[in-house]
Amino acid sequence: MNDQPQISRPDSTNSAATPTFAEPGVPHIRTLNVPGMHALYVKEVRRFFKVQLQTIWAPAITTLLFLVIFTVALGGAGRTVIGVPFADFIAPGLIMMAMLQNSFANSSFSLLVGKIQGTIVDYLMPPLAVGELIIALVGAAITRSILVGLALWLAMLLWPGVHVVPDHLWAVAVFGVLGASMLGFLGLITSVWAEKFDHAAAVTNFVVTPLALLSGTFYSVDKLAPWFQTIAHGNPVYYAIMGFRYGFIGTVDSTISNPVLTAALVLIGVNIGLGLLTYRLLASGWKLKA
């Protein structure tokens with residue numbers, strides 16, 4: 001006779017004792033993963049905020065030096081551009097240029113450093129959909145650009161001879177966000193494509209910087225030769241700076257009909273195109289997954 005105690009086994013038909021698992025490929029989170037997006041967004045913001053002297057204040061000071069140099073060298077003798085003092089014309093363009101460059105710098109760093117350090121799994125493994133990943137990363141890039149823009153704006157408020165009180169606050173907000181998100185998408189695409197920091201630096205030097213400098217930041221586009229005006233009108237950064245400047249001085253340097261509306265539509269279209277391309281690249285796992 002067997003004196004060993006009998007071990008009760010759960011009945012396979014008993015749902016309380018049998019663990020249930022989702023079918024492969026069926027997500028548990030069927031709605032927007034807001035906590036996950038928030039966690040990644042906060043992580044990205046804390047990353048650049050820990051070195052804010054380098055990521056926020058240094059770009060603001062560097063751009064402020066542009067204002068000092070150009071106003072001293074070219075802004076004397078009451079010079080005006082499209083009817084406003086030269087310093088008032090150039091200041092919004094400089095703010096927007098710094099915002100665009102820092103939005104690109106932030107988003108182009110995120111996935112690239114993960115690939116180089118071997119921590120890319122921290123972005124790919126969490127239960128975040130591709131769209132949620134994009135929202136968090138681009139949102140952090142926009143946040144950094146806004147902080148840089150605010151730092152510059154506060155410094156220019158105190159600078160003598162410069163008036164940067166907005167005439168149309170809605171235009172400042174709309175074009176600031178549209179421009180920053182555009183470069184945020186471009187930076188995210190760059191971080192997917194790049195395999196080392198030299199690749200990201202090449203895009204910065206040969207794409208982002210020329211687009212920013214040749215977009216009417218320091219001059220009025222309507223004073224250029226017709227062929228150069230055509231090139232400028234093909235530059236999406238021009239529309240971001242034009243609309244952002246309109247928010248401060250209430251006028252534009254363009255002969256396009258309905259220039260502000262046109263600029264907004266161009267930026268929305270470019271953002272949609274870059275957003276779809278970013279989504280496609282991340283969803284395919286190109287250069288991210290083995």
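Quick one: which of THR278, THR217, THR251 is surrounded by 13 or more Cβ atoms within 10 Å (Cβ to Cβ), within 18 Å of the chain's Cα centre (by Cα) and among the β-branched types (Val, Ile, Thr)?
On the way: THR217 fails: within 18 Å of the chain's Cα centre (by Cα); THR251 fails: within 18 Å of the chain's Cα centre (by Cα).
After ruling out the rest, the residue left standing is THR278.
Being buried (at least 23 other Cβ atoms within 10 Å of the Cβ), over 15 Å from the mean Cα position of the chain (by Cα) and assigned to a helix (DSSP H, G or I) narrows it down to one of ALA58, ALA91, so name that one. Matching residue, one of ALA58, ALA91: ALA91.
Of the residues making up the stretch 163-171, at least one is farther than 18 Å from TRP286 by Cα, among the acidic types (Asp, Glu) and surrounded by fewer than 18 Cβ atoms within 10 Å (Cβ to Cβ).
Looking at the structure I just gave you, is ASP198 closer than 29 Å to VAL72 by Cβ and charged (D, E, K, R)? It would help to see each step written out before you state the result.
Values: closer than 29 Å to VAL72 by Cβ: no; charged (D, E, K, R): yes.
Spelling it out, it is not the case that ASP198 is closer than 29 Å to VAL72 by Cβ and charged (D, E, K, R).
Only residues that are of a type in the set (Val, Ile, Thr), touching a residue at least 40 places away in the same chain (Cβ under 8 Å) and within 23 Å of GLU44 (Cβ to Cβ) were counted across the stretch 62-105, and they come to 2.
Assess whether MET99 counts as being under 12 Å from the mean Cα position of the chain (by Cα) and either part of a helix (DSSP H, G or I) or more than 24 Å from HIS38 (Cα to Cα) (or both). Steps first, please.
Numbers: under 12 Å from the mean Cα position of the chain (by Cα): yes; either part of a helix (DSSP H, G or I) or more than 24 Å from HIS38 (Cα to Cα) (or both): yes.
Yes: the conditions hold for MET99.
Bear in mind that the values in this text are calculations on the coordinates, not laboratory data. As the structure is a computational prediction, the values presented were derived from the model and not from experiment. So basically every Cβ, Gly included, is an ideal-geometry build from the backbone, and we count neighbours across all protein chains shown.
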